[in-house]
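Take a look at the structure set out below.
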Amino acid sequence: MNNTLEYSDKGRRMGCALIFFMIFGILVTAGCVGFLVLVHFTEGLNSKQISFTMAPLSFGLLAIFSVLRNLKFSHKYTVILDKQKEVLTFYKEDPNQHLEIPFSEFLKVRLIETYETSSGSSNNTRKTYYQTFLILKDGSQFWLHSTTSRSALEEEAQKLKSYLDINIEDETDSNLNHEGSANYTKGERSKIYDPSRFVQIENLGLEKLLSIKKPTYLVDEIVKLLLLVFLGSLLSIAVNVLTDSPTVVQIMVAIIFGGFFMLILVFVILINSKKYQVLVSENELVISLRFPWKFLDDKLGKTIPIPKENIKQIRTSRLHEGHFWLSCVTTTPFSLFDKVLFGMGAFAKSKIKQLDSSEHVIGLWEVPNYAKHNDMANFQDLYYIEQWLQEQLGLQEVELDK
């Protein structure tokens, strides 16, 4: 048998849907520009024509730049299980920027079943995904593989059973449970990671303030600007309709669409303007979500103090599709509002299956699968922060027994 078992893949390729969306954006943009030029040289443009043309024009440009923005979401990864060294090695583009987890930290393999519903032209399609996770002794999860085929899942389970021979817990009703007999003792995980320039720690005497600086991309700023122009043009169209002897139906349509797009605008503002901080002392962890405008911060700003004695675990997990998530597990529950507010980000936290349904978990930070070293905070930063928080609070790692 080979001494290594490897998983590798690429994500967010330039698929047919993105190519179509790009072509559509180019055609819409060219049509709008052509219309404006033609009317300008034949009849002369008026404010209403400009107002009604800006919506499809900004939408076309938004489609083009959204595709360009999506290109930075492409990523690739490699996971190598080395039985001779008894170590798992994970890296993305650069093998030198890697994570190592010794087999001695493995508790079991977990097989779970999740569902995704996609809407079609005539009906909704429900797709089943079978996911394979390594569960570590500290309760963190490390995603290995996903498939839509039950037979592929069975092959995967058999491969891990033969290679690792550790417990397999099957939650897919496929009868793939296995009681392992291997006893791995080599190595200890390296706890030394150098934080990137995006991790910022401020010493406040008896307390320390931790935050992660957000990167700024030109294409992201252009997309935000175009989204504002698009929503503004829709508002301008609604105003034009309402000031031109509108019918009741036109008024209702303008109110409904105006309200819908304003909700989108508010959501985009919330996502992009939030500032997340963690204040830590010897006895307490205080997580806070702040917004730059006082009226918004007064309504949605939130601070949650968590006493040290209520903290059960601080975990960094690799979740489905390769996202990394740093979370805090406590003995006390959080409100649904807090979970939603602190869960806003690059991927849906609602799909995360906890090991124990009675656990109370709230997110601290996330690193999306497309994060690249030197471009934004990376997965090594989360492992650094996990260890740093444990040291500041004087927490001892508690191992699970099953």
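Please list 320-331, 159-170 highest first by mean number of surrounding beta-carbon atoms within 10 Å per residue. Could the numbers behind the result be given before it?
On the way: 320-331: 21.4, 159-170: 17.6.
Ranked by mean Cβ neighbours within 10 Å, highest first: 320-331, 159-170.
Please give the length that would be gained between residue 395 and residue 37 if that part of the chain were fully extended, namely 0.36 nm times their separation in residues minus their C-alpha to C-alpha distance (nm, one decimal).
On the way: separation 358, 0.36 × 358 = 128.88 nm, distance 6.71 nm.
Fully extending the segment from residue 395 to residue 37 adds 122.2 nm.
What is the spin-label model distance, in nm, from residue 76 to residue 273 if the labels are put 7 Å beyond Cα along the C-beta direction?
4.1
Net charge within 11 Å of residue 87 by Cβ-Cβ distance, Lys/Arg positive one each and Asp/Glu negative one each, not counting residue 87 itself? It would help to have the intermediate numbers written out before the result.
Numbers: positive: 83, 85, 186, 189; negative: 82, 86, 100, 105, 188.
My count for the surroundings of residue 87 gives -1.
Could you list 337, 379, 291, 35 so that the one with the fewest beta carbons within 10 Å of its beta carbon is first and the one with the most is last? Intermediate values should be presented prior to the final figure.
Values: 337 10, 379 25, 291 18, 35 15.
Exposure proxy ranking, most exposed first: 337, 35, 291, 379.
If we count every other residue with Cβ under 11 angstrom of residue 274's Cβ, Lys/Arg +1 and Asp/Glu -1, where does the sum land? Walk me through the numbers before you get to the answer.
On the way: positive: 214, 275, 290, 302; negative: 297.
Taking every Cβ under 11 Å from that of residue 274, the sum is +3.
How high is the FRET efficiency from residue 47 to residue 298, r the C-beta distance, R0 35 Å, rounded to 0.05? Mind showing how you got there, number by number?
On the way: r = 38 Å, r/R0 = 1.07.
In this case the efficiency is close to 0.40.
At 0.36 nm per residue, and after removing the present C-alpha to C-alpha distance, how many nm does the segment from residue 184 to residue 85 gain when stretched out fully?
Working: separation 99, 0.36 × 99 = 35.64 nm, distance 1.02 nm.
Full-extension gain reported as 34.6 nm.
What FRET efficiency would be calculated for the residue pair residue 308, residue 375, taking the C-beta separation as r and a Förster radius of 35 Å, to the nearest 0.05?
With a Förster radius of 35 Å, E is 0.55.
Evaluate the distance, in nm, between pseudo-label points positioned 7 Å from the Cα of residue 30 and of residue 4 along their respective Cα→Cβ axes.
If labels sit at residue 30 and residue 4, their model points lie 4.7 nm apart.
In whole percent, what relative contact order does the stretch 75-170 give with Cα contacts below 8 Å and a gap of six or more residues? It would help to have the intermediate numbers written out before the result.
On the way: 155 pairs, mean separation 20.9, N = 96.
Relative contact order comes out at 22 percent.
Which order do 4, 89 fall in if you start with the one that has the fewest other Cβ atoms within 10 Å? Numbers along the way, then the final one.
Working: 4 13, 89 17.
With the fewest neighbours first, 4, 89 line up as 4, 89.
Take the residue pairs 76/274; 83/127; 208/302; 213/294; 48/299 and return only those whose Cα atoms are more than 26 Å apart.
Values: 76/274 29 Å; 83/127 34 Å; 208/302 19 Å; 213/294 21 Å; 48/299 37 Å.
Over 26 Å apart, Cα to Cα: 76/274; 83/127; 48/299.
What does the charge count around residue 178 come to, taking other residues whose C-beta lies under 10 Å from its C-beta (Lys +1, Arg +1, Asp -1, Glu -1)?
That works out to -2.
Set the Förster radius R0 to 30 Å, insert the Cβ-Cβ distance between residue 217 and residue 255 as r into 1/(1 + (r/R0)^6), and round the FRET efficiency to 0.05.
Numbers: r = 35 Å, r/R0 = 1.17.
Using R0 = 30 Å, I get an efficiency of 0.30.
Determine the gain in length on full extension of the stretch residue 114-residue 206; use 0.36 nm per residue of separation and subtract their C-alpha separation, reporting nm with one decimal.
Working: separation 92, 0.36 × 92 = 33.12 nm, distance 4.46 nm.
Full extension of this stretch gives 28.7 nm more.
Put one equal scatterer on each alpha carbon of the stretch 18-92, apply the Debye formula with no solvent term, and list log10 I(q)/I(0) at q = 0.25 1/Å to two decimals.
Debye output, listed in q order: -1.04.
Since every read-out is calculated from the coordinates, none of them should be taken as a lab result. As the structure is a prediction and not an experimental result, all values here were calculated from the model. Quick reminder, even Gly has a Cβ in these numbers, built from the backbone with ideal geometry, and neighbours come from all protein chains shown.
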